[in-house]
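Student: This is the structure, below, for whatever I ask next.
All of the numbers you see were taken from the coordinates with simple rules; none came from a lab. Keep in mind it's a predicted model, so treat the numbers as computed, not measured. Positions of Cβ are generated from backbone atoms using ideal geometry, with glycine treated the same way; all protein chains shown enter the neighbour counts.
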């Protein structure tokens with residue numbers, strides 16, 4: 001994806017840590033939906049693992065870098081919004097790069113508008129490509145931010161189709177709006193971006209469903 005002028009895109013929010021809804025209140029008002037799948041067999045369901053993986057990337061705070069890398073993967077201390085997503089899926093045991101590459105090879109027509117000339121070194125780091133992938137292999141959910149209960153930790157949120165992507169957090173603000181874990185190069189990588197007075201338009205909201213992924217596309221993470 002192209003570099004984002006994040007300072008122009010990040011509006012003001014209503015507060016910092018004090019704006020977070022207490023976990024007990026969040027659990028009561030918006031019960032967590034657990035994935036029926038624990039793909040890596042670690043005793044943690046996929047959605048919780050995806051949140052944990054995204055949060056680990058946010059904590060690592062990689063320098064924003066959407067550049068091209070031979071082999072595809074940027075160094076661990078660099079990355080863009082799409083890197084937060086594949087790192088989140090890695091925590092759940094999925095090799096998102098390998099799955100995207102396999103699906104483009106099997107069904108190039110679906111990706112023609114966003115990857116006219118497929119390139120495994122960058123395709124999985126394109127927001128538009130991930131939007132197509134999740135539209136195929138995830139539940140498509142509401143883009144209405146005010147429908148708070150429909151937003152759950154581990155969901156994927158896409159902004160303006162190909163401009164930005166993030167992972168929905170299991171934290172909420174005091175109004176029930178979920179936080180987003182994402183990388184625009186901003187200081188706080190887990191924030192209440194959806195509550196900002198100015199934010200990019202949400203065009204996609206997905207909940208990954210491994211049962212929808214055909215075996216010729218499903219790939220387990222084998223790296224370190």
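Student: Estimate the FRET efficiency between residue 222 and residue 196 by the formula 1/(1 + (r/R0)^6), using the beta-carbon distance for r and 25 Å for R0, to the nearest 0.05.
Tutor: For R0 = 25 Å, the calculated efficiency reads 0.05.
Student: What does the extension gain come out to for residue 105 and residue 174, with contour length at 0.36 nm per residue minus their alpha carbon separation?
Tutor: 20.4 nm
Student: How far is helix 46-60 tilted, in degrees, relative to the longest principal axis of the Cα atoms in the chain, given as a value from 0 to 90 rounded to the nearest 10?
Tutor: In the chain, helix 46-60 runs at an angle near 80 degrees to the longest axis.
Student: If you don't mind, another one. Rounded, prolate or oblate: which fits the stretch 91-195, taking a ≥ b ≥ c as square roots of the Cα gyration tensor eigenvalues, rounded meaning a/c under 1.5, else prolate when a/b beats b/c?
Tutor: Judged from the Cα gyration tensor, the stretch 91-195 comes out prolate (a/c at least 1.5, a/b above b/c).
Student: Rounded, prolate or oblate: which one fits the stretch 139-192, using the alpha carbon gyration tensor with axes a ≥ b ≥ c (rounded when a/c is under 1.5, else prolate when a/b beats b/c, else oblate)?
Tutor: oblate
Student: Add -39500 (n - 2.57) for each DSSP H run of 4 or more in the chain, then divide by its residues: what number comes out at 222 nm, to the nearest 500 deg cm²/dmol?
Tutor: That calculation yields -7500 deg cm²/dmol at 222 nm.
Student: Right, another one. Compute the angle between helix 96-106 and the longest alpha-carbon principal axis of the chain, please, reported from 0 to 90 degrees and rounded to the nearest 10.
Tutor: Computed tilt is about 50 degrees.
Student: Related question: Beyond 19 Å, what share of the Cα-Cα pairs of the stretch 103-164 is found? Please give it as a whole percent.
Tutor: Of all Cα-Cα distances in the stretch 103-164, 35 percent exceed 19 Å.
Student: Report the rotationally averaged projected area of the stretch 20-94 based on its alpha-carbon convex hull, in square nanometres.
Tutor: Averaging across all directions leaves 6.2 nm² for the Cα convex hull.
Student: In degrees, nearest 10, range 0 to 90: what is the angle between the Cα axis of helix 127-137 and the longest Cα principal axis of the chain?
Tutor: For helix 127-137, the angle is close to 90 degrees.
Student: Is the C-alpha gyration tensor of the stretch 185-224 telling us rounded, prolate or oblate? Criteria: a/c under 1.5 is rounded; beyond that, a/b larger than b/c is prolate, otherwise oblate.
Tutor: Oblate.
Student: For the chain, what does the relative contact order come out to in percent, with C-alpha contacts under 8 Å and a separation of six or more?
Tutor: 28 percent
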